[in-house]
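Student: One structure is given below, represented as structure tokens, and several questions about it will come after.
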Amino acid sequence: MKKLVLIIILVFGLTLMNAQTKEELKTKQGVKKDSIAALQKKVDVLQGEIDAFPGWKIRAFGTIGGSFSGFNEWYSKETPNSSVGNFGININAIASLDRDKFFWKNAANINLSWIKFDDKDDDTDSDKYEVATDVFNISSLYGYKLNDKFALSALGEYRSSLVNNFNDPGYLDLGIGATWTPIKDLVVVIHPLNYNFVFSSGDSIYESSLGAKIVADYTKKIYDINFKTNLSIFQSYKSSDYSNWNWTNSLSYTFWKGIGVGFDLGLRKNKQEALNYALDTDPDATFDNIDNKLQSYWLFGLSYTLE
């Protein structure tokens, strides 16, 4: 009987000690979490001070997307033996310098994609990857500050393809005017004096002209989300047929060591490109009878952010 009583007392004591130890550990865990949260706040404050420190700010992020598939004797398809693949990549790079009297903002955007459809039963069918999207854009904006919101500015912007038909056509905008920065991450460029140089080979309908340039760029990072949208408009003084606009959007979310998911969307209208394309099939095409359709591309896939 005494032994039974001793065993019961011992088990009760061990249980009580274990409960006390568990509660003590939970209390310590809560203290540690509070300490970590306090340290994280200090880190965030320091990071904000680093971001605000004058000097070159360099950032790059991009998206990679693709899919690959193959079919063998898949009789429900029109082409039972085939392989299909597509692959795309988008890169945004930003380098900016902000001083008391001036700023200098540089940006580059590259969007490339390839696609393949190989019918293995057709010997004349190509088994190579063909370029589907080919976009190359770089810009450099310099501004002399009049105050916190307005600056006298000069802009150089170049647009073309990169893999196929480089600089054919190619567009170079050079202009001067003013830049408005109403908030930290928004830049609005208004250049009433801008010349749009258009480069092309051989006989073509492309023409350079004088006009106005308007650019709106918003680049923002909110926690693990990178966002960039850029609208670039050229309004020709010679003719609206020589005007064009481009709008690119990039969004990426980082969930682990710079790796995440991203989405890119590009839209543009260019009547000179539309006419040049139409002339390949219709020699009677003119600016007045062509359908200047909206051009677009999009890409969704894995993303990587480098800072």
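Student: Within the range 248-259, restricting attention to residues that are under 13 Å from the mean Cα position of the chain (by Cα) and not aliphatic (A, V, I, L, M), which residue is nearest to ARG159 (Cα to Cα)? So that I can check it myself, show each step before the final result.
Tutor: Going residue by residue through the range 248-259, those that are under 13 Å from the mean Cα position of the chain (by Cα) are 248-253.
This time we only want the ones that are not aliphatic (A, V, I, L, M), so: 248-250, 252-253.
Values: THR248: 12, ASN249: 16, SER250: 17, SER252: 23, TYR253: 27 Å.
Among those residues, the one meeting the criterion is THR248.
Student: Output the number of residues of the range 199-228 satisfying the condition of being in contact with a helix residue (DSSP H, G or I) (Cβ under 7 Å, 6 or more places away or on another chain) and either assigned to a strand (DSSP E or B) or not charged (D, E, K, R) (or both). Spell out the reasoning first.
Tutor: If we filter the range 199-228 for residues that are in contact with a helix residue (DSSP H, G or I) (Cβ under 7 Å, 6 or more places away or on another chain), which is where we start, we get 204-207, 209.
Remaining after also requiring either assigned to a strand (DSSP E or B) or not charged (D, E, K, R) (or both): 204-206, 209.
Total meeting the criteria: 4.
Student: If you don't mind, another one. For the range 96-126, what are the residues that are at pLDDT below 85 and either within 14 Å of the chain's Cα centre (by Cα) or among the aromatic types (Phe, Trp, Tyr) (or both)?
Tutor: Scanning the range 96-126 gives a single hit, PHE117.
Student: Answer with yes or no whether TYR223 is farther than 19 Å from LEU141 by Cβ and surrounded by 19 or more Cβ atoms within 10 Å (Cβ to Cβ).
Tutor: Values: farther than 19 Å from LEU141 by Cβ: yes; surrounded by 19 or more Cβ atoms within 10 Å (Cβ to Cβ): no.
It is false that TYR223 is farther than 19 Å from LEU141 by Cβ and surrounded by 19 or more Cβ atoms within 10 Å (Cβ to Cβ).
Student: Taking the range 252-273 as the search range and keeping residues that are of a type outside the set (S, T, N, Q) and buried (at least 19 other Cβ atoms within 10 Å of the Cβ), which one is nearest to HIS191 (Cα to Cα)? Spell out how you get there, then give the answer.
Tutor: In the first step, residues of the range 252-273 are kept if they are of a type outside the set (S, T, N, Q); the result is 253, 255-269, 271, 273.
Keeping just the survivors that are buried (at least 19 other Cβ atoms within 10 Å of the Cβ) gives 260, 262, 264, 266.
Working: GLY260: 37, GLY262: 32, ASP264: 27, GLY266: 23 Å.
Only one residue tops the list, namely GLY266.
Student: Here are some conditions: (1) surrounded by fewer than 18 Cβ atoms within 10 Å (Cβ to Cβ); (2) under 29 Å from ASP100 (Cβ atoms); (3) touching a residue at least 12 places away in the same chain (Cβ under 8 Å). LEU210 meets all but one. Which one does it not meet?
Tutor: Of the numbered conditions (1) surrounded by fewer than 18 Cβ atoms within 10 Å (Cβ to Cβ); (2) under 29 Å from ASP100 (Cβ atoms); (3) touching a residue at least 12 places away in the same chain (Cβ under 8 Å), the odd one out for LEU210 is (2).
Student: Here's something else I'd like to know. From (1) modelled with pLDDT of 85 or more; (2) within 24 Å of ASN244 (Cβ to Cβ), pick out the condition that doesn't hold for LEU152.
Tutor: (2)
Student: A further question on this structure: Condition first: touching a strand residue (DSSP E or B) at 6+ places or on another chain (Cβ under 7 Å) and surrounded by fewer than 17 Cβ atoms within 10 Å (Cβ to Cβ). Now tell me which residues in the range 127-150 satisfy that.
Tutor: Applying the first criterion (touching a strand residue (DSSP E or B) at 6+ places or on another chain (Cβ under 7 Å)) to the range 127-150 yields 127-146, 149-150.
ASP127, LYS128, TYR129, GLU130, VAL131, ALA132, ILE138, SER140, TYR144, LEU146, LYS149, PHE150, listed by residue number.
Student: Also, I was wondering about something else. When you go through GLU49, GLU73, GLU23 one by one, which is the residue that is outside any strand (DSSP E or B), within 30 Å of LEU152 (Cα to Cα) and modelled with pLDDT under 85?
Tutor: Details: GLU73 fails: within 30 Å of LEU152 (Cα to Cα); GLU23 fails: within 30 Å of LEU152 (Cα to Cα).
On inspection, the qualifying residue turns out to be GLU49.
Student: I would also like to ask the following. Could you count how many residues in the range 229-260 are part of a helix (DSSP H, G or I) and without any contact (Cβ under 8 Å) to a residue 40 or more places away in the chain? Before you say what the answer is, go through the steps one by one.
Tutor: Pass one, the range 229-260, residues part of a helix (DSSP H, G or I): 240-242.
This time we only want the ones that are without any contact (Cβ under 8 Å) to a residue 40 or more places away in the chain, so: 240.
Adding up the residues that qualify gives 1.
Student: Look through the range 163-187, keep the residues that are surrounded by fewer than 16 Cβ atoms within 10 Å (Cβ to Cβ) and of a type in the set (A, V, I, L, M), and return whichever of them is modelled with the lowest pLDDT.
Tutor: This residue is VAL163.
Student: OK, next. Can you find a residue that is under 26 Å from TRP298 (Cβ atoms) and either among the acidic types (Asp, Glu) or outside the structural domain of TYR171 (by TED's automatic domain parsing) (or both) anywhere in the range 99-118?
Tutor: Yes, the range 99-118 contains a residue that is under 26 Å from TRP298 (Cβ atoms) and either among the acidic types (Asp, Glu) or outside the structural domain of TYR171 (by TED's automatic domain parsing) (or both).
One line per residue, one yes/no per condition, for (1) in contact with an Asp or Glu (Cβ under 7 Å, 6 or more places away or on another chain); (2) assigned to a loop (DSSP other than H, G, I, E, B); (3) under 30 Å from GLY65 (Cβ atoms):
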| position | (1), (2), (3) |
| --- | --- |
| GLY262 | no, no, yes |
| LEU267 | no, no, yes |
| TYR277 | no, no, yes |
| ASP280 | no, yes, yes |
| PRO283 | no, yes, no |
| ASN289 | no, yes, no |
| TYR297 | no, no, yes |
| GLY301 | no, no, yes |
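Student: Next question, about the same structure. Of all residues in the range 155-207, count the ones that are in contact (Cβ under 8 Å) with a residue 24 or more places away in the chain and of a type in the set (Lys, Arg).
Tutor: 1
The values are calculated or read from the model by the stated rules, or taken from the named source; none is laboratory data. From a predicted model like this one, the values you see are computed outputs, not experimental measurements. When we count neighbours, we look across all protein chains shown, and the Cβ atoms used for this are built from the backbone with ideal geometry, even at glycine.
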